[in-house]
């Protein structure tokens, strides 16, 4: 059997061996055709119009596959294998000048016919709505099959800066960059590859005094040169581009954008305390031991995220639980389960009650996929029910979509675009909230929808619906929590336009390196510029060997002054040495006895900051001035701020400049015009460039408010 899919697996940044490249050629462009054949095939030819082209064995796509993985880690090998194929054949065609039919043939048979129609850019073909007085050079990509894309230019002036486009890891200012808006799981090294879990086709043009939003959930591309920003937009059946242009200050631009797409709501104060987790905390004993050590070392903790609580099949039932399978896939209640005393989780309800007595909230991990490779058990019943009741995302031919990515491969995906499936999917988790009092969900994943022609129940195809899947996903779990009388605390890494209204976000998977530290700060600032209020990262990274003490403590210091403070560590198959990011394990691994007392001091300071953070988050939601605020929101007319892209304001009163290099003893901060005080000493500081000593106990923080003294526990807004 020969396999050729013109779009391949539809990985947005790499080609699969059975693909046509490019999928849509321009007139006069050559095309590489790929096909996968059984191992015993010795020859393949392509009938290309009236020509017969001999195909040759293709090299395994190792270069593209290797680009997926950001280095060592539990997902790297899976990613590197995802595009490889030893049975691929390929051929490069003559230039395509008109529509061509083609097929593939071996001695055993032929494929169906395929057709490719070349396209050309023209000045006619579609309609631009909005921005007519600003847009120039509008073009449309047209073939015999229709209008596929629009392309236009937004003029930029000297000194204009581009900030936004969702969460971006490489630079605060995207002027001169090439990027796109496509939800994607780049496993580590996002700043190197320019990919993101949380894109948005929205940006500020700082200095110019305006911003824009391409009102689409389809893929968009952006590139800027010396005099303008070129925007390319994928189109659907209607060849229309809807462009919003917003005038005013950065805050006014953001307000106009959020008026359209939604904004955050106030979440309870407990989210601002320290969050703790480890992928290998996969038993009740381990979780409680970690929380016991927090208590023994007097390191306050507000939330524990339990990732490895379930069997990773349905992500609904505690591992080792005993229960009767509901053959029709209906939801269980807490009373349906019993737990063996020698099991992994002998009494989850009692564990959560005890954590609550200690003032610790509990967040459980989720993934929006349903494994489908099982023949028996609850996971098989749930998979069958999902398909039979019409709750699965579908392929164009009406068959269920199976995940094409490397994580949970072949799993089914619930169609969360409609309320009936959101209700069906979350009902299986309701007992966790209502019966055993879970406080929130880590809504991990969300990037698994690959395919332009997937079919969603809300009427969208994949090219329009895939990017908004993570928005529906976080919304579903937020609604579940609300329906049980709880705050909608979701903790996501993927998102798109509209995610602003749905919970908390973190920066995703990263190594424990200084480079990743810097790129994560940039990610937070760009996300905040697009209206994401509650944001954090896995401090000092979660993947790879345990960070050294200096990196860990510098990252702890920075995270103390971010909206969300949390540590986390990746699954490492319980191999020794362990890779927990708990402060005591970092101290033991590095042999540095400074780690625990310094971490404790920052965690205590974080507790003291909770009222300030809660007050400032409420003010952010009321005014749209970001909680995590790049300096251009307050000082857009000061060109010097762009030389200090990692500095930021945390609320109205604190300016933070994380120490982002190893081995330094002093650190220089730029203080814009105004009155400033060193927040650690209360001493006045002149604006301009200021250098101070930075022992590990200190991250440079300055305040506009006299009398603040972090060393003495005197914080903004508190006497």
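Being surrounded by fewer than 19 Cβ atoms within 10 Å (Cβ to Cβ) and at pLDDT 95 or above, is that true of even one residue in region 302-315? No, the conditions are met nowhere in region 302-315. Could you grab the pairs with beta carbons closer than 6 Å, sequence gap of 6+ or different chains, first residue in region 47-62 and surrounded by 14 or more Cβ atoms within 10 Å (Cβ to Cβ), second one assigned to a strand (DSSP E or B) and modelled with pLDDT under 95? From region 47-62, the pairs are 58/88. What tally of residues in region 335-353 results from selecting those that are buried (at least 19 other Cβ atoms within 10 Å of the Cβ) and in contact with a strand residue (DSSP E or B) (Cβ under 6 Å, 6 or more places away or on another chain)? Residues meeting the conditions: 3. Of the residues that make up region 434-447, is at least one more than 27 Å from residue 506 (Cβ to Cβ) and without any contact (Cβ under 8 Å) to a residue 40 or more places away in the chain? No. Going through region 552-576 one residue at a time, which ones are touching a strand residue (DSSP E or B) at 6+ places or on another chain (Cβ under 6 Å) and in a helix (DSSP H, G or I)? Listed by number, the list holds a single entry, 559.
Taking each residue of region 127-141 that is in the same structural domain as residue 224 (by TED's automatic domain parsing) and looking for partners that are part of a loop (DSSP other than H, G, I, E, B) and surrounded by 13 or more Cβ atoms within 10 Å (Cβ to Cβ) with beta-carbon atoms closer than 6 Å, six or more apart or interchain, yields 140/125; 140/126. Of the residues in region 507-522, not one is within 15 Å of residue 267 (Cβ to Cβ), in a strand (DSSP E or B) and in contact (Cβ under 8 Å) with a residue 12 or more places away in the chain. When 332, 356 are screened for being surrounded by 13 or more Cβ atoms within 10 Å (Cβ to Cβ) and over 25 Å from residue 374 (Cβ atoms), only 356 passes. Taken over region 692-710, the criterion of being closer than 22 Å to residue 598 by Cβ and loosely packed, with under 15 Cβ neighbours inside 10 Å is satisfied by 693, 695, 697. What tally of residues in region 622-632 results from selecting those that are assigned to a helix (DSSP H, G or I) and surrounded by 17 or more Cβ atoms within 10 Å (Cβ to Cβ)? Residues that pass the stated criteria total 2.
Checked against (1) out of contact with any strand residue (DSSP E or B) (no Cβ under 9 Å at 6 or more places or on another chain); (2) farther than 20 Å from residue 481 by Cα; (3) in contact (Cβ under 8 Å) with a residue 12 or more places away in the chain, residue 357 meets all criteria but (3). When we screen 658, 645, 684, 611 for residues that are modelled with pLDDT of 95 or more and out of contact with any helix residue (DSSP H, G or I) (no Cβ under 8 Å at 6 or more places or on another chain), the only hit is 684. Counting only strands (runs of 3 or more DSSP E) that fall entirely inside region 180-284 and contain at least 2 residues that are modelled with pLDDT of 95 or more and more than 29 Å from residue 138 (Cα to Cα), the qualifying elements are 274-277. Residues in region 142-153 that are assigned to a strand (DSSP E or B), surrounded by fewer than 24 Cβ atoms within 10 Å (Cβ to Cβ) and in contact (Cβ under 8 Å) with a residue 24 or more places away in the chain: 143, 146, 147, 148, 149, 151, 152, 153.
Consider residue 352 carefully, then state whether it is under 30 Å from residue 462 (Cβ atoms) and modelled with pLDDT of 95 or more. Spelling it out, it is not the case that residue 352 is under 30 Å from residue 462 (Cβ atoms) and modelled with pLDDT of 95 or more. Listed here are the strands (runs of 3 or more DSSP E) enclosed by region 638-719 that have at least 1 residues being touching a residue at least 60 places away in the same chain (Cβ under 8 Å): 648-650, 654-656, 701-703. Can you confirm whether residue 165 is surrounded by 13 or more Cβ atoms within 10 Å (Cβ to Cβ) and outside the structural domain of residue 212 (by TED's automatic domain parsing)? No. Of everything in region 577-592 that is surrounded by fewer than 20 Cβ atoms within 10 Å (Cβ to Cβ) and not in a helix (DSSP H, G or I), the residue that is modelled with the lowest pLDDT is 577.
The values are calculated or read from the model by the stated rules, or taken from the named source; none is laboratory data. Just so it is clear, the model here is predicted, and its values are computed rather than measured. With ideal geometry, Cβ positions are generated from the backbone for all residues, glycine too; neighbour counts draw on all protein chains shown.
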